[in-house]
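Notes for the one structure printed next.
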Amino acid sequence: MSDRLPGFSTLAVHAGAQPDPTTGARATPIYQTTSFVFNDADHAASLFGLQAFGNIYTRIGNPTNAVLEERVAALEGGTAALAVASGHAAQVVVLQQLLQPGDEFIAARKLYGGSINQFTHAFKSFGWNVVWADPDDIASFERAVTPRTKAIFIESIANPGGSITDIEAISTVARKAGVPLIVDNTLASPYLIRPIDHGADIVVHSLTKFLGGHGNSLGGIIVDAGTFDWSTGGKYPMLSEPRPEYHGIRLQETFGNFAFAIACRVLGLRDLGPALSPFNAFMILTGIETLPLRMQRHCDNAKAVAEFLAGHPAVASVSYAGLPSDKYHQLARKYAPKGAGAVFTFSLKGGYDAGVNLVSKLQLFSHLANVGDTRSLVIHPASTTHSQLDDAAKVKSGAGPDVVRLSIGIEDKEDLIADLEQALGA
Ligand SMILES: *Cc1c(COP(=O)(O)O)cnc(C)c1O
């Protein structure tokens, strides 16, 4: 064996996986079991007391899920990861370790519509207060910081317009405020952007999208960068203070640079319960093996479709950071040089009615509320994913009435362009 470090594509296929020690199975088996037999009473006690690592019960951990966790941690350059049932579950579990009732977190206004809902309504009911900032105005994050701020949350490539966030600039604000930067890296995937390399302390994903990649399994994951010191100022008692559930151990003191991933597992997942099914972990692992191939094809197709739309007379504007004329193009060249992703929006001269009409005429594109599938997808955010926002908030979050969102798949780009052409012309 040479001592060279494996590259990204090698990690996508191999990280975390070994042939099964008992059967020799080369693909990671689906350990479809709820529970695991202890060696003896001492072994059981040490597992429960966090003195030994091992399997207890699939709500807390499972060997198939563990391979997925190790693989995504390797791809993102983190110290450890925790897989959960969905992207939204990842967001709940992360913030539950950081916020007490009455605390605040700052979030970029350009976000997945479901996250805007979750932050505004569900999290409000836990006493966690979201303060919105504008990802195009870094000073708006600085202005939003108060003594109760516990975290900053952004998307690397942001919904729905595919804009690129200046992760390094916002990580500087987070560092100054003494709070962790959480980056939702769903639309980029680690193939395009590795937020930890740019100062993120925690990365979250909806595995449902590009990582799984085939539109067949929900999942979410939390990656711990191992960069944040949780002991400063007593702001993060879940990590720094003795835990009564575990005989008074302090997680940061005991687990060091992967304490946050441990907290998410042994406090968050254990008690809130959104465990990922091992079957879904297997499906998502299989998807990740081809992530680099798929992601490059997604990006190449997206660029071709964006160029076609930019030249079409019925189109008012195209928001795709891969186009040299786009306002995010410089940021795309810095953060995502291999491609600006595959989710973007464009607006039609005919406004709301034209948007609805286009969606109904497309044949190859599927009209549905998802992104990051092998298939090309289309949606009209103003009447669906962002319909809960008032008109001004729709425009601010990039989902005005005339806007159509595409998620470009891995089909032949000529077929995608032909489908758009017939639907725009009709
Ligand atoms: C889909 C999505 C989520 C939520 O993930 P689920 O798996 O649907 O719960 C969060 N963030 C982004 C950017 C998403 O695209």
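Which ³J(HN,Hα) values, rounded to whole Hz and listed in residue order, are derived for the stretch 268-285 from phi using the Karplus coefficients 6.51, -1.76 and 1.60 in 6.51 cos²θ - 1.76 cosθ + 1.60 with θ = phi - 60°, glycine and proline given as x?
x, 5, 4, 9, 8, x, x, 6, 7, 5, x, 4, 5, 4, 5, 4, 6, 4
Sorting check: for 229-235, 173-179, which peptide has the highest mean count of neighbouring beta carbons within 10 Å, and how do the rest follow? All intermediate terms of the calculation are to be shown ahead of the outcome.
On the way: 229-235: 14.4, 173-179: 18.0.
In decreasing order of mean packing, 229-235, 173-179 become 173-179, 229-235.
Over the alpha-carbon set of the chain, divide Rg by the Kirkwood Rh and report the Rg/Rh ratio to two decimals. Kindly include the intermediate steps, with their values, before the conclusion.
Numbers: Rg = 21.8 Å, Rh = 22.2 Å.
With Rh from the inverse mean 1/r over Cα pairs, Rg/Rh is 0.98.
Can you give the direction-averaged projected area of the convex hull of the alpha-carbon atoms in the stretch 263-325, in nm²?
Values: hull surface 31.1 nm².
So the Cα hull casts an average projection of 7.8 nm².
What number comes out for accessible area per residue over the chain if the probe is 1.4 Å? Units Å², please. Intermediate results must be reported in sequence, preceding the final value.
Numbers: 17130 Å² over 426 residues.
That works out to 40 Å² per residue.
What's the local net charge at residue 64, with K and R +1, D and E -1, over the other residues with C-beta under 13 Å away? Intermediate results must be reported in sequence, preceding the final value.
On the way: positive: 71; negative: 20, 69, 70.
In short, -2.
Give the peptides 65-73, 219-227, 180-188 in descending order of average Cβ contacts within 10 Å, highest first. Each step should come with its number before you reach the end.
Working: 65-73: 24.8, 219-227: 26.3, 180-188: 28.4.
Top of the packing list down: 180-188, 219-227, 65-73.
So what's the net charge close to residue 415: Lys and Arg +1, Asp and Glu -1, counting the other residues with Cβ under 15 Å from its Cβ? Walk me through the numbers on the way to the answer.
Details: positive: 297, 375, 413; negative: 300, 411, 412, 414, 419, 421.
So the environment of residue 415 carries a net charge of -3.
Which order, highest average first, do 251-258, 288-295, 50-57, 22-29 follow once you tally other Cβ atoms within 10 Å for each residue and take the mean per peptide? Don't jump to the answer; show the numbers that get you there.
Values: 251-258: 17.2, 288-295: 20.8, 50-57: 13.9, 22-29: 11.4.
Going from most to least packed, we get 288-295, 251-258, 50-57, 22-29.
Keeping all protein chains in position, work out how much accessible area residue 299 exposes to a 1.4 Å probe, and write it in Å² to the nearest 10.
0
Considering only the other residues whose Cβ falls under 14 Å of the Cβ of residue 101, what net charge follows from Lys and Arg at +1 and Asp and Glu at -1? Mind dumping the intermediate values first?
Details: positive: 124, 148, 150; negative: 103, 104.
Every neighbour counted, the sum reads +1.
Mean separation of Cα pairs under 8 Å and 6+ residues apart, divided by the residue count of the stretch 1-150: what relative contact order is that in percent? Before the final figure, lay out each step's value.
Working: 143 pairs, mean separation 26.0, N = 150.
RCO, the stretch 1-150: 17 percent.
Quickly estimate the mean residue ellipticity at 222 nm for the chain, helices only: each DSSP H run with n ≥ 4 gives -39500 (n - 2.57), and the total goes over all residues, rounded to 500.
On the way: 17 runs with 151 residues, N = 426.
Taking each H run of at least 4 residues, the total per residue is -10000 deg cm²/dmol.
Over the chain, what is the relative contact order in percent, taking alpha-carbon pairs closer than 8 angstrom and at least six residues apart?
On the way: 868 pairs, mean separation 72.4, N = 426.
For the chain, the relative contact order is 17 percent.
Sequence-distant or interchain residues sharing an amide H contact under 5 Å with residue 86, placed H: which?
So residue 86 has HN proximity to 220.
With θ set to phi - 60°, apply the Karplus curve 6.51 cos²θ - 1.76 cosθ + 1.60 along the stretch 248-261 and write out the HN-Hα couplings as whole Hz, x wherever there is a Gly or Pro.
Values, residue by residue: x, 6, 9, 5, 4, 4, 7, 10, x, 7, 10, 4, 5, 4 Hz.
Given a 1.4 Å probe and every protein chain left where it sits, what share in percent of the accessible area of the chain is carbon and sulfur? Mind showing how you got there, number by number?
On the way: 9410 of 17130 Å².
Reported share for carbon and sulfur atoms: 55 percent.
The values are calculated or read from the model by the stated rules, or taken from the named source; none is laboratory data. In this text, all values refer to a predicted model and were calculated from it rather than measured experimentally. With ideal geometry, Cβ positions are generated from the backbone for all residues, glycine too; neighbour counts draw on all protein chains shown. Ligands, DNA and RNA are excluded from the accessible area calculation, which covers all protein heavy atoms including side chains. Shrake-Rupley method; radii C 1.70, N 1.55, O 1.52, S 1.80 Å.
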